[in-house]
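In what follows, a single structure is set out as C-alpha cells and then discussed.
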Amino acid sequence: MSTTMIECKNLSHFYGSKAALSNVSFELPVGESVGLVGPNGAGKTTLLNILCGFLKPTKGTAQLFGYKPGATELIGKVSALPQDAKLDPGLTIAEQLTFYGRLQGFDSKQAEAEVIRVMEAVDLKNSLNEKPVALSHGMGKRVVIAQALIGNPQLIMLDEPTAGLDPVNTRNIRSIIAELSSETTFIISSHNLEELDRLCPRIILLENGIIKSQQTNQIENENSTRFITVQMEPCPTSELVAKLQALDGVVQVSSSQKNEFIIEYNSQIQPRMDQQIMRCLTDNDWNYRQLIQGKSLEEKLFFGEK
C-alpha cells in the first residue's frame, strides 16, 4: 500500500491568461494533516478544487492515493467541504444527509445509521428533524462538516471551515477536527494561522500560485538549538532584551515585531529555559500574553527559519 496521500507534479492552472497555480509540486504522506495558507488569490481554493476533481489542471498532474482526482475509486475515501457549502432549505437535516449517504452506496437503514453517527460526532443529534432555517450559522457549519464525515473518508478537504463564526463556534469546529484527526487526514485552507498551527503538523504557504514555503510544526530537532517565543504586554524593550540575553544558555534574543521576542538557546546548557524566562519576567514584574515553545507559525512562514 502506498504511503503517499497526495502527489502533485508541476501543477498549473490558468483562468484565461491569469495563472492561478504555477508549477506546484509536493508530496504529502498518509496521516499527516496539512494547512494551506496565503493571501486572497494565492491559489488555495483552485488547488483544493483540482484535488477534489472539480477542476482539471491546465498542466501537470495530481494524484490522491494513486488515483486521479474524481476517480470512482476515491468515492467514500475522499470528502470535501467548500467554503460556500449550502444546505437545502426544503429538507430536514436527516433527509439531506440520508440522501448523501445513499449516493455513497449505503442502503436506507445503513444511511440512517450513518447519519446518526455523524450527527453525534458534531454534537447535533437532536437537530436531525430540523430544517436549515432553524439552525444558527455555527450549527449549519457543523452539519456540513457532518456531511463531509459520511462514510468515514480517509481524507477530508476543508476550505475556511471557521470563516464567519463567533469564537465559541470556532472553538467547537476546531475541537471536532482535532478529535477526528487521529483517524482522518485533513487539508485545511484558512487565513487563521493560530487555527492551522493548532490543527496541522505541516503548513504550505502559497503566494501568487507558487509554493513559497513549507513548514512542519516540530518543536524539537536533533541539534541542541531551541527557540522560545514570548509575546509581551507593553514593556521596556531594551531592558527586557538585556535581561533575557543574560540568562544562562541564551544564544540570541531577537524581535521581528513589537512586543514579540524570540529567544534562541542551547538546550544542553539549559534544558528548562521556559522556567528561567518565566522567573525573569516575574522578578521584573513584566506581564506576558503568551509563551510558545519554538517559533510562531507566522515567524516561520513569513520571516524564515534558522
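A few notes on this one:
- Test for E95: is it open to solvent by 30 Å² or more (accessible area, probe 1.4 Å), at pLDDT 90 or above and not in a helix (DSSP H, G or I): no
- Filter pass, A163 being in a loop (DSSP other than H, G, I, E, B) and either of a type in the set (D, E, K, R) or open to solvent by 10 Å² or more (accessible area, probe 1.4 Å) (or both): yes
- Any hit, the range 218-227, residues being among the acidic types (D, E) and closer than 28 Å to S136 by Cα: no
- Total residues in the range 145-160, condition open to solvent by less than 10 Å² (accessible area, probe 1.4 Å) and touching a strand residue (DSSP E or B) at 6+ places or on another chain (Cβ under 6 Å): 6
- Residue selection: G90 fails the criterion of being open to solvent by less than 20 Å² (accessible area, probe 1.4 Å) and more than 19 Å from T184 (Cβ to Cβ).
- Scan of the range 76-92 for residues that are assigned to a strand (DSSP E or B) and under 19 Å from L124 (Cα atoms), ordered by number: L81
- Among the conditions (1) open to solvent by less than 80 Å² (accessible area, probe 1.4 Å); (2) under 19 Å from T184 (Cβ atoms); (3) of a type in the set (S, T, Y), the only one that Y67 does not satisfy is (1).
- Scope the range 120-141; condition within 21 Å of G76 (Cβ to Cβ), buried (at least 17 other Cβ atoms within 10 Å of the Cβ) and not hydrophobic (A, V, I, L, M, F, W, C); matching residues: none
- Remark: G16 falls outside the filter, which requires a residue to be at positive phi and open to solvent by less than 60 Å² (accessible area, probe 1.4 Å).
The values are calculated or read from the model by the stated rules, or taken from the named source; none is laboratory data. Not measured: the values here are computed from a predicted model. Every residue, glycine as well, gets a Cβ built from its backbone with ideal geometry; the counts of neighbours run over all protein chains shown. Areas reflect the complete protein model, heavy atoms only, side chains present, ligands, DNA and RNA absent. Shrake-Rupley method; radii C 1.70, N 1.55, O 1.52, S 1.80 Å.
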